[in-house]
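The numbers here are math on the coordinates, done by the rules we state, and not lab data. Bear in mind the structure is a predicted one, so any value in this text is a computation, not a measurement. Virtual Cβ from ideal backbone geometry, glycine too; neighbours counted across all protein chains shown.
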Amino acid sequence: MMAAFASIAMAQQTIQVTVENPTNAPRTDQPVVMSLAQYGQVQSALVKTGDEEIPCQLDDLNQDDSFDELCFLADLKAKEKKSYTVTLYAEGEPRQYPARVFAELLVRNSKVKEKNKHNNFLESITARGDCADSYHALHHHGVAFESELNGIRIYFDKRQTLDLYGKFQKRLELQETQFYTTKEQKAEGYGDDVLWVGNTFGLGAFRGWDGQQPTMIDPVRSRTQRIISYGPLRTIVELVDRGWQKLNLTIRYTQYAGHRDTDVDVYFNKPVADYLFSTGIINVKGSEEYSDHQGLRGCWGTDWPSSDHENFKPETVGLGICIPQSYIKSEEPANKDQYTFVVGTSDNHLSYKIIYCSANESFGYHSAKEWFDFLKNWKQTEVEQPVKVSY
């Protein structure tokens with residue numbers, strides 16, 4: 001019995017984590033991410049502050065069936081420093097918590113007639129470079145994910161464009177609507193597609209650059225979409241393009257609960273100092289532009305999201321992108337299609353953030369001034385002053 005007790009005791013590790021808010025404003029749902037590399041095999045975790053249990057999740061980023069990171073979200077008052085106790089277990093299963101994010105990848109089911117009830121769920125799909133029409137191979141044309149505030153789908157083709165879903169209320173909806181909201185659901189207050197993207201960046205798609213204009217991620221040997229994590233606190237999806245311009249690249253999108261912004265990380269299989277790339281946002285029809293000329297750029301405009309004017313209405317959106325200055329090679333003048341940045345990196349990784357709102361939101365922003373003021377504050381606080389984590 002004593003030996004069994006000793007074995008159980010050795011199967012857990014306790015770490016004290018301190019999280020500090022460096023700003024004079026309260027912060028909610030602040031991501032705290034811990035690498036598990038130094039803690040051996042981890043099968044389950046418990047996070048508490050005082051006697052309160054805090055939802056957490058374990059993620060296997062490289063898909064080797066071993067958890068690599070632990071994530072939880074912190075709520076902090078102005079200038080507050082809070083302590084958390086993280087207990088890691090070598091046995092058991094991850095604890096279950098209510099989902100605050102959602103991700104979905106599926107192939108259409110020819111037997112299902114309702115556009116919001118398809119059920120051929122996938123975790124990953126790869127198309128060869130000569131695939132005739134990968135865009136129509138998937139329901140809602142590619143992987144989709146959301147937090148309570150946003151909803152995004154990424155086209156499974158050479159554009160890899162991000163298309164947007166606008167909400168009226170803070171909640172998860174894509175499981176019910178599948179990006180194809182019915183008239184009945186619209187009457188109940190569900191959101192819908194709010195952006196026409198065409199061949200543009202949409203919201204921050206990653207592209208090549210030929211010296212004068214963006215280029216598509218094409219040709220490729222193969223392209224993949226996959227879901228790395230389904231939540232409950234963050235969802236992670238990846239696009240993998242192999243054999244593009246003698247490169248393999250992985251574009252990772254991380255969506256945290258409670259956030260309208262999305263983290264974008266681009267990883268290459270070798271240093272790319274000799275390459276130039278591009279990203280940016282669509283020039284929504286008639287949009288107003290904002291730029292601080294230091295990596296933050298946004299717009300506010302109104303356009304039809306679809307050629308179907310019977311079932312859709314003109315939609316007003318605010319878009320934003322924030323890129324670290326170290327990656328920016330130039331900020332291109334706006335043209336009729338988009339607001340472009342030329343970007344590059346001296347190593348094999350670059351990152352940026354994208355963000356948007358719909359004027360339909362009962363909880364959001366309803367003018368260009370409101371949106372641009374929000375973008376400035378978002379950069380100054382969330383982007384430039386993340387919470388400080390030590391353990």
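Summary of values
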{"read-out": "Length-normalised contact order for segment 247-377 - Cα pairs under 8 Å, 6+ apart - percent", "value": "29 percent"}
{"read-out": "Contact order relative to length of segment 138-195, as percent, for alpha carbon pairs under 8 angstrom and 6 or more apart", "value": "30 percent"}
{"read-out": "The chain - percent relative contact order, Cα under 8 Å, separation 6 or more", "value": "15 percent"}
{"read-out": "Rounded if a/c under 1.5, otherwise prolate or oblate - segment 141-205, Cα gyration tensor axes", "value": "prolate"}
{"read-out": "Three-way shape label, segment 234-391, alpha-carbon gyration tensor, a/c 1.5", "value": "prolate"}
{"read-out": "CD proxy at 222 nm, helix term only [per DSSP H run n ≥ 4: -39500 (n - 2.57); per residue of the chain; nearest 500]", "value": "-2000 deg cm²/dmol"}
{"read-out": "Potential extension, K388-E184 segment - 0.36 nm per residue separation minus Cα distance", "value": "68.9 nm"}
{"read-out": "Listed residue pairs exceeding 24 Å between alpha carbons, taken from K79/K167; K113/K285; K329/K353; K117/K158", "value": "K79/K167; K113/K285; K117/K158"}
{"read-out": "Neighbour-limited loop hits for trypsin sites (Lys or Arg not before Pro), segment 278-330 (at most 14 other Cβ within 10 Å; DSSP other than H, G, I, E, B)", "value": "K285"}
{"read-out": "Gap separating the Cα centres of segment 125-160 and segment 250-286, nearest whole Å", "value": "16 Å"}
{"read-out": "Qualifying GluC sites (Glu not before Pro) in segment 302-337, DSSP loop, other Cβ atoms within 10 Å at most 10", "value": "E310"}
{"read-out": "Low-density loop cleavage sites - trypsin sites (Lys or Arg not before Pro) in segment 110-167, where at most 16 other Cβ are within 10 Å (DSSP)", "value": "K111, K113, K115, K117"}
{"read-out": "All lysines inside 17 Å of K115 as judged from Cα atoms, apart from same-chain residues fewer than 8 positions distant", "value": "K183, K186"}
{"read-out": "Shape call, the chain: gyration tensor on alpha carbons, a/c limit 1.5", "value": "rounded"}
{"read-out": "From phi via Karplus (6.51, -1.76, 1.60), per-residue ³J(HN,Hα) for segment 310-317 in Hz, x at Gly/Pro", "value": "7, 9, 10, 10, x, 10, 9, 9"}
{"read-out": "Net charge contributed by nearby residues that have their C-beta within less than 11 Å of D163 (K/R +1, D/E -1)", "value": "+1"}
{"read-out": "Gap separating the Cα centres of segment 205-240 and segment 319-357, nearest whole Å", "value": "15 Å"}
